[in-house]
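**Student:** Here it is, the structure in full.
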Amino acid sequence: MINNKKVVVVLPAYNAAYTLQQTYNEIPFDIVDDVILTDDYSTDNTVEIGKSLGIKHIIVHQKNRGYGGNQKTCYDEALKLKADIVIMLHPDYQYTPKLIPSMVYLIANDVYDVVLGSRILNKGALKGGMPLYKYIANRILTLFQNILMGQKLSEYHTGYRAYSKEALRSIPYKDNSEDFVFDNQILGQVCYAGLRIGEVSCPTKYFPEASSINFSRSITYGLGVLGVSISYFLHKNTFIKSKLFKAIP
């Protein structure tokens, strides 16, 4: 524990057999108390590898729910384990577990409520293999969101995040999509709730085994992001109320 805070890492997995062990082996267990693996109906041996690694908390979906649905299970289970700090880490090794201490300390010492691992801050996104079209879309969407949501974040699209239990309990994440836009919706809820958001520079790693959505899914995600930002702006300014934010005081 850090400052008597229980730290739980959640691994939302889908066909992560190739990279799960490498990811797990780099988790800093000197500060991490528990690991939860949620398998979204993989077609490979992700679950078997998780068991061989000694992961005690493994939840298997009986059908594929999607990336957002997988995260909902992650956070529900982490809160059941009485986690004080929850780190969402992709088990595809696209994000390094070595940043967990930095992210955890910022929350444990009450500096931030939410910490994001930003691929943009270090200016190495393209060098790390991020496709050019994704980089351009990332920058355009982030600018659009910062304007509509009144923020100054370097990016909204990272999948590497740490939350305090208070942050998760204060937002209606269960109302969000079960698809990839979940990440953007939960961050919009965090912003609307006025929670403190910090960012740390995160190296970018793209390789064949790392999970990534294709071009058509990226278009769908981008349109969803625009929808979240517009809904946020309209709700904030009392034009049209959105269910994404209605439960946030």
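The values are calculated or read from the model by the stated rules, or taken from the named source; none is laboratory data. Since the structure is predicted, the reported quantities are computational estimates derived from the model, not experimental observations. Cβ sites come from the backbone with ideal geometry, for glycine too, and all protein chains shown count toward neighbours.
**Student:** Kindly indicate the residue of the stretch 100-144 that is of a type in the set (F, W, Y) and under 20 Å from F207 (Cβ atoms) and also nearest to the chain's Cα centre (by Cα) among those meeting that condition.
**Tutor:** Here is the first cut: in the stretch 100-144, the residues of a type in the set (F, W, Y) are 105, 112, 133, 135, 144.
Going one step further and asking which of them are under 20 Å from F207 (Cβ atoms), we end up with 133, 135.
On the way: Y133: 21, Y135: 18 Å.
So the residue we want is Y135.
**Student:** Separate question: Within the stretch 48-65, count every residue that is surrounded by 20 or more Cβ atoms within 10 Å (Cβ to Cβ) and either of a type in the set (A, V, I, L, M) or closer than 27 Å to M130 by Cα (or both).
**Tutor:** Quick first cut of the stretch 48-65, residues surrounded by 20 or more Cβ atoms within 10 Å (Cβ to Cβ) only: 49-50.
Subsequent filtering for residues that are either of a type in the set (A, V, I, L, M) or closer than 27 Å to M130 by Cα (or both) retains 49.
Here the count works out to 1.
**Student:** How do the pairs read when you match residues in the stretch 113-131 that are more than 26 Å from I85 (Cβ to Cβ) with residues anywhere that are buried (at least 21 other Cβ atoms within 10 Å of the Cβ) and of a type in the set (K, R), using Cβ under 8 Å and keeping only pairs 6 or more apart or on different chains?
**Tutor:** Listed by first residue and then by second, the contacts come to A125/R119; G128/R119; M130/R119.
**Student:** Please go through the stretch 1-25 and pick out each residue that is loosely packed, with under 15 Cβ neighbours inside 10 Å, closer than 22 Å to V114 by Cα and not hydrophobic (A, V, I, L, M, F, W, C). Show your work before the answer.
**Tutor:** We begin by selecting, within the stretch 1-25, every residue loosely packed, with under 15 Cβ neighbours inside 10 Å; these are 1, 3-4, 22, 25.
Right, trim to closer than 22 Å to V114 by Cα and you get 1, 3-4.
Result: N3, N4.
**Student:** Looking at the stretch 112-137, which of its residues are in contact with a Lys or Arg (Cβ under 9 Å, 6 or more places away or on another chain) and modelled with pLDDT of 95 or more?
**Tutor:** Those that are in contact with a Lys or Arg (Cβ under 9 Å, 6 or more places away or on another chain) and modelled with pLDDT of 95 or more: Y112, D113, V114, V115, L116, G117.
**Student:** Select from the stretch 193-218 the residues that are among the hydrophobic types (A, V, I, L, M, F, W, C) and within 18 Å of the chain's Cα centre (by Cα) and write down the one among them that is surrounded by the most Cβ atoms within 10 Å (Cβ to Cβ).
**Tutor:** So in the stretch 193-218, the residues among the hydrophobic types (A, V, I, L, M, F, W, C) come out as 193, 195, 197, 200, 202, 207, 210, 213, 215.
With the extra rule that they be within 18 Å of the chain's Cα centre (by Cα), the set shrinks to 193, 195, 197, 200, 202, 210, 213.
Values: A193: 17, L195: 19, I197: 17, V200: 17, C202: 26, A210: 16, I213: 14.
Per the stated criteria, the residue is C202.
**Student:** If you don't mind, another one. Here is a check on your reading of the model: is Y221 of a type in the set (F, W, Y), within 27 Å of T96 (Cα to Cα) and surrounded by fewer than 17 Cβ atoms within 10 Å (Cβ to Cβ)? Steps first, please.
**Tutor:** Working: of a type in the set (F, W, Y): yes; within 27 Å of T96 (Cα to Cα): yes; surrounded by fewer than 17 Cβ atoms within 10 Å (Cβ to Cβ): no.
No: the conditions fail for Y221.
**Student:** When you go through (1) at pLDDT below 95; (2) buried (at least 17 other Cβ atoms within 10 Å of the Cβ); (3) of a type outside the set (A, V, I, L, M, F, W, C) one by one for N184, which number turns out not to apply?
**Tutor:** Answer for N184: the failing condition is (1).
**Student:** Also, I was wondering about something else. Before we move on, is Y67 on the phi > 0 side of the Ramachandran plot and under 14 Å from the mean Cα position of the chain (by Cα)? Working first, answer last.
**Tutor:** Details: on the phi > 0 side of the Ramachandran plot: no; under 14 Å from the mean Cα position of the chain (by Cα): yes.
Answer is no for this residue.
**Student:** I'm trying to understand the selection: among the residues of the stretch 173-196, which are farther than 29 Å from T19 by Cα and out of contact with any Lys or Arg (no Cβ under 8 Å at 6 or more places or on another chain)?
**Tutor:** Of everything in the stretch 173-196, those that are farther than 29 Å from T19 by Cα and out of contact with any Lys or Arg (no Cβ under 8 Å at 6 or more places or on another chain) turn out to be G188, Q189, V190, C191, A193, G194, L195, R196.
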